[in-house]
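Asker: Handing you a structure now.
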Amino acid sequence: MSSDNVMRAVTLKEFGGQEVLTVEEVARPEPLPTEVLVRVHAAGVNPVDWKTREGQGMAGLQKFPLILGWDVSGVVEKVGFGVTTLAPGDEVYGMPWFPRAASAYAEYVTAPARQWARKPATLDHVHAAAVPLAALTAWQIVVDTVHVQPGQRVLITAAAGGVGHFAVQFARHLGAHVIATASAGRHTWLKELGAEETVDYTTTRFEEAVSDVDVVIDLVGDAHDNTSTRSLKVLRPGGLLVSVPGGVSPELAAAAEAAGARVTGYLVEPDGPALTMIAGLIDAGEVSVEVAGTFPLERAAEAHARGEEGRTRGKLVLTVTD
């Protein structure tokens, strides 16, 4: 157990493989005015975490020593001057500071009060920590970027992953006809989440099985098998491709123009109000949260190794405080 001014955290002093992640005692942060100090019960693990650890992802915005992680579920410990929306003892969840360091792989974090939301009442901290980054990514794409309309045909690649399984549910909630790519073993589950069609990417090229799509939410990117560029083939004229990993290269932009399609990149932002709406959907039973596995803080490197295999259904979570 930490004393009042120190805490355990997973730190790295250089970019590299999983071995650069070490648990150390570091200074506990103090909330500035308008910030809250949150005792972390669980921290979600996301692809951006291991990409940043390797020197990619959001690495260019970070400073050493670095504490990774952006997904938090925990309890407010202390509030800074001026905070009126939260109080000590409140259970909250959030994705603070992104893309700057939030330092979630630790026992405590500080962040602006309005980047947090009340934790979904029906979820424990482990499942709540699996929500913010993935669900906000899916929500901000489906709701704010695409403006999904009832009856639209929406193709979602990597639909069984953290972002994907939320995107399927949000698009379906808004009345879209959802087509999901995933390995065959995930198809029954994805249909339970709301996918109307599924494509086994391991045996079928989705562009040979799918057509006349209004929107593609590509969570794979061109770095793997030219997935974004191939996605253009399934779009209706004027359709929209949201290319999430890697954004829009000049080559992809040119290919979209030639195909008569629109294309945009996307990066998630902290969004307390959206997390409040997402919590409402979760508590109403409209949206479910999938946790693929949990690891204690000391085994963060194992969590990264598991995630980097690219086979997880849903999210991986670090357990920090009982």
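What follows is calculated from the coordinates using simple rules that are stated; it is not laboratory data. Predicted model only: the values in this text are computed from it and were never measured. Neighbour counts are summed over all protein chains in view; Cβ atoms, including those assigned to glycine, are modelled from backbone coordinates with ideal geometry.
Asker: Within region 1-78, list the trypsin sites (Lys or Arg not before Pro) lying in a DSSP loop whose Cβ has at most 14 other Cβ atoms in a 10 Å radius.
Answerer: When the trypsin sites (Lys or Arg not before Pro) of region 1-78 are filtered for loop state and at most 14 Cβ neighbours within 10 Å, Lys13, Lys63 remain.
Asker: Can you find, among Val20, Ala138, Ala9, the residue sitting farthest towards the positive end of the charge dipole of the chain, where Lys and Arg contribute +1 and Asp and Glu -1 at Cβ?
Answerer: So the residue furthest toward the plus end is Ala138.
Asker: Just flag the GluC sites (Glu not before Pro) in region 1-41 sitting in loop per DSSP whose Cβ has no more than 15 other Cβ atoms within 10 Å.
Answerer: Listed in order of number, the matching sites are Glu14.
Asker: Once you have the Cα-Cα distance between Gln18 and Met277, take 0.36 nm times their residue separation minus that, and quote the gain in nm to one decimal.
Answerer: 89.7 nm
Asker: Also, I was wondering about something else. With the crude spin-label approximation of a point 7 Å out along Cα→Cβ, what separation in nm comes out for Ala121 versus Arg262?
Answerer: Reported label-point gap for Ala121 and Arg262 is 3.9 nm.
Asker: Quick one: dipole size for the chain, taken about the Cα centre, charges +1 on Lys/Arg Cβ and -1 on Asp/Glu Cβ, in debye to the nearest 20.
Answerer: Computed about the Cα centre, the dipole is about 220 debye.
Asker: Right, another one. Any idea how far the Cα center of region 51-95 sits from the one of region 277-302, in Å?
Answerer: 16
Asker: Quick one: what are the phi-derived ³J(HN,Hα) couplings along region 90-106, Karplus 6.51/-1.76/1.60 with θ = phi - 60°, whole Hz, x for glycine and proline?
Answerer: Here the 3J(HN,Hα) series is 5, 8, 9, 9, x, 10, x, 6, 3, x, 6, 5, 9, 6, 7, 7, 7 Hz.
Asker: Can you give me the Cα centroid spacing of region 12-39 and region 197-247 in angstrom?
Answerer: With region 12-39 and region 197-247 each reduced to a Cα centre, they are spaced 37 Å.
Asker: For region 1-149, just say rounded, prolate or oblate: build the C-alpha gyration tensor, square-root its eigenvalues into a ≥ b ≥ c, call rounded for a/c under 1.5, and beyond that prolate if a/b exceeds b/c, oblate if not.
Answerer: Oblate shape, in that a/c is at least 1.5 and b/c is the bigger or equal ratio.
Asker: With each run of n ≥ 4 DSSP H residues scored as -39500 (n - 2.57), what mean residue ellipticity at 222 nm is computed for the chain after dividing by its residue count and rounding to the nearest 500 deg cm²/dmol?
Answerer: One gets -6500 deg cm²/dmol as the mean residue ellipticity at 222 nm.
Asker: Using amide H atoms built 1.01 Å from N in the peptide plane, name the residues 5+ places from Met95, or on other chains, whose amide H lies under 5 Å from its own.
Answerer: Asp271
Asker: Search the structure for amide H atoms under 5 Å from the amide H of Tyr108, placed 1.01 Å from N in the peptide plane, and list their residues when 5 or more places away or on another chain.
Answerer: Under 5 Å from the amide H of Tyr108 lie the amide H atoms of Val40, each far enough along the sequence or on another chain.
Asker: Now a separate question. Across region 167-172, in residue order, what do the Karplus-derived ³J(HN,Hα) couplings come to in whole Hz, using 6.51 cos²θ - 1.76 cosθ + 1.60 with θ = phi - 60° and x for Gly and Pro?
Answerer: Once θ is set to phi - 60°, the couplings for region 167-172 become 4, 4, 5, 5, 5, 5 Hz.
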